[in-house]
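The structure appears below as structure tokens.
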Amino acid sequence: MSSSVVDAVELELAEPYLREVLGSVGLDVEYVRAAGNSLFFIDSGGAEVEVLDLACGFGSLILGHHHPAVVQRAKELLDAQIPVHAQFSRHPYANELAGVLNRILTREFGESEPYSAIFGNSGAEAVEISIKHAELDRGIRVAEAVAEVEAGLNEAAAAAAAGARIDAAVFAAAGLPVSAGFDAVASAITERNAALAARGPVFLALHGGFHGKLVGSIQLTHNEGYRTPFTRLASRCRFVTVGDVIGLWQIVEEERQVLHGLTVTDGAVRLTERDLPVFGGFFVEPIQGEAGIRVLPAEFGTEIGKVCEHTGAPLIMDEIQSGMGRSGAFFASSKIGLRGDYILLAKSLGGGVAKNAVMLVRGERYRRDFELVHSSTFAKDAFSCHIGLKVLELLEADGGAAYRKAAERGATLRSRIEAIRDDFKDVVLEIRGDGLMLGFEFQDQSTSASAKIAETAQAGFFGFAVAGYALRTHRLRLFQTASAMNTFRLEPSIDLTDAEIDRIEAGLRDICSLLRAGDGDRLLGTA
Ligand code: F0G
């Protein structure tokens, strides 16, 4: 480009350090075109080179790059001069999008309770919207609980004034000697309740879980490197190991808090207790993405449902990566029969050309006042909503042929990579996932016989090294998951062809051979 504005840029200011890291393994490629499962760059000779993209927008391209019908719709919308921005006006397209999502929800979960929709612009924003909405709701429930428990204080005061006996447990709970009078006890109880009510929520999330990188959402993302520098900024989250039922209930018990109140029974003033709603929400990915593509076992899902029921914590189902058909169902959570109180979508909702996200919250939990206190300039815009509607139309067409395709293509790809695992058990640890959300986990290479490979793995660069090699040698865009460094994600579009599957298999087999041979020079391109 030669415009004066571009000529004036001398320093590299847009994340130059990341570029340096990517550059060290040959990943700092500028892609100039995208279509289907392919990205294209121009090589030094000026020729266009095709790369098979298995990262596919970090799982946001269920229909691939530039699906022709989506592009056509985008052109129509812009040619028709639809008002992209018409904040504070009627948004029938947003309503339609919410309506279609509800129809799918009803079909997949067999329940007809409507879910209200609040739109946003990114996955992390949908998560933050749910954090806020859940806290608005919890705040109201906390206030109701305090009011309920303190309703007996006046009656108790009258009884005490008339000489009623005050139970010793009342003084013990207030931390006062039995010589303290009723007024001291009542104000201690009120103060204690107020202090408890003023506490922030505690969130629950799963070990390895990923829910975004903004101020609130990063605290729900398990990866310590991403999370711990920012713990001071937001509410606390307790992480539960998937499968650890005892540990899960132990956390529930450890975090339990009770409000105190007074009642008069059998002529004596006695203590009452009521559980405080301490949990802001339980965040769950039905297929964990960044944890290394791990399908949530249905039995543990049932236990999570029981905890939510027991504590009143809303179940917040993060379908940002797993949703939109990738698993072979629109909602992966429907396959384990775990219906969230909240359901979050983003990524593929934008059809690869827009940015869109939505928090769906079921009617019984919905606080409509939220609509007056939350907003975003770009949310619910006409362009993104119309594109979202087109994506849903394409996914729902022919009785859900797209979901069947995701399941079939996924199963075909899976059987091929499982065959690689069988041939390379010394190198491949496990294949996981569902539909077109698959994970290919290598054995830990930090003890590889090759010093170069071992050092690369110990430095945490194994994933980047493999990604660089796959791009250089096989023209494959293959990335590790964010928090499981040996697992590579395969999240192509439903239009994945047999020829593309052949390429994936050939590339992975070659990488396995290289690792088996301990050929660090070839991996790192230093030969
Ligand atoms: N929730 C899940 C399950 C995600 O996978 C992601 C993003 C987010 C929330 C946050 O979405 O990036 O739009 O703010 N996952 C990316 C990935 C980082 O690599 O798949 P965002």
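Every read-out reported here was derived from the displayed coordinates using simple, explicitly stated rules and does not represent laboratory data. Predicted model, so just to flag it, every value in this text is computed and none were measured. Reconstructed Cβ throughout: ideal geometry from the backbone, glycine too, with neighbour counts over all protein chains shown.
Of the residues Gly243, Ile218, Ser334, the one whose Cα sits farthest toward the positive end of the charge dipole of the chain, with +1 on the Cβ of Lys and Arg and -1 on the Cβ of Asp and Glu, is Ser334.
How charged is the neighbourhood of Gly23? Take every other residue with its Cβ under 14 Å from the Cβ of Gly23, and add Lys/Arg as +1 and Asp/Glu as -1. Around Gly23, the charge tally is -3. Over segment 135-268, what is the relative contact order in whole percent, taking alpha-carbon pairs under 8 Å and six or more residues apart? Once normalised by length, the contact order is 33 percent.
Amide H contacts of Val428 (H built 1.01 Å from N, in plane; Pro and chain starts excluded): Gln443 sit under 5 Å, all sequence-distant by 5 or more or on other chains. The relative contact order of segment 357-448 comes to 17 percent, based on Cα pairs under 8 Å that sit 6 or more residues apart.
When peptides 457-469, 378-390, 128-140 are ranked by their average number of other Cβ atoms within 10 Å per residue, the highest-first order is 378-390, 128-140, 457-469. Spin-label pair Arg103-Asp502: with each label point 7 Å from Cα along the Cα-Cβ axis, the two points sit 4.0 nm from one another.
Exposure proxy shown here: for Met485, Met359, the number of other Cβ atoms within 10 Å sets the order, fewest to most, as Met485, Met359. Taking label points 7 Å from Cα along the Cα-to-Cβ direction, His310 and Arg33 give a separation of 5.9 nm. Using C-alpha pairs under 8 Å with a sequence gap of at least 6, the mean separation divided by the residue count of the chain gives a relative contact order of 21 percent.
A full extension of the chain between Ala162 and Asp521 corresponds to an added length of 120.3 nm, given 0.36 nm per residue minus the alpha carbon distance. Assuming R0 = 30 Å, can you tell me the calculated FRET efficiency for the pair Ala449 and Arg19, based on Cβ-Cβ distance, to the nearest 0.05? Efficiency at R0 = 30 Å is approximately 0.35. Amide H to amide H distances under 5 Å link Val49 with Phe41, Ile42, Asp43, where only residues 5 or more positions off or on other chains count and H is placed in the peptide plane. Check cross-link reach from Lys380 to the lysines: straight Cα distance under 28 Å, and skip same-chain residues fewer than eight apart. Reachable lysines: Lys75, Lys132, Lys213, Lys347, Lys355, Lys390. Among DSSP bridges having both ends in the chain, what percentage is antiparallel? Round to the nearest 5. If I count the DSSP bridges inside the chain, around 70 percent turn out antiparallel. Between Gln87 and Leu372, the contour length at 0.36 nm per residue exceeds the alpha carbon distance by 101.3 nm.
Hydrophobic long helices, here whole DSSP H runs in the chain with Kyte-Doolittle means of at least 1.0 and Cα atoms spread over 15 Å or more along the helix axis, are not found. Around the Cα centre of the chain, unit charges on the Cβ atoms of Lys, Arg, Asp and Glu (plus for the first two, minus for the last two) sum to a dipole of about 300 debye.
With a cut-off of 20 Å on the backbone N, the residues of segment 493-523 near the modelled label site 7 Å out from Gln458 along Cα-Cβ are 515-523.
Between the listed residues Ala382, Ala419, Ala407, the Cα displaced farthest toward the positive end of the dipole of segment 359-427, a dipole computed from Cβ unit charges relative to the Cα centre, is found at Ala382.
What FRET efficiency would be calculated for the residue pair Leu176, Ser112, taking the C-beta separation as r and a Förster radius of 51 Å, to the nearest 0.05? The value I calculate is 0.45. Dipole check for segment 21-173: with +1 at the C-beta of Lys and Arg, -1 at the C-beta of Asp and Glu, and the Cα centre as origin, the magnitude is about 320 Debye.
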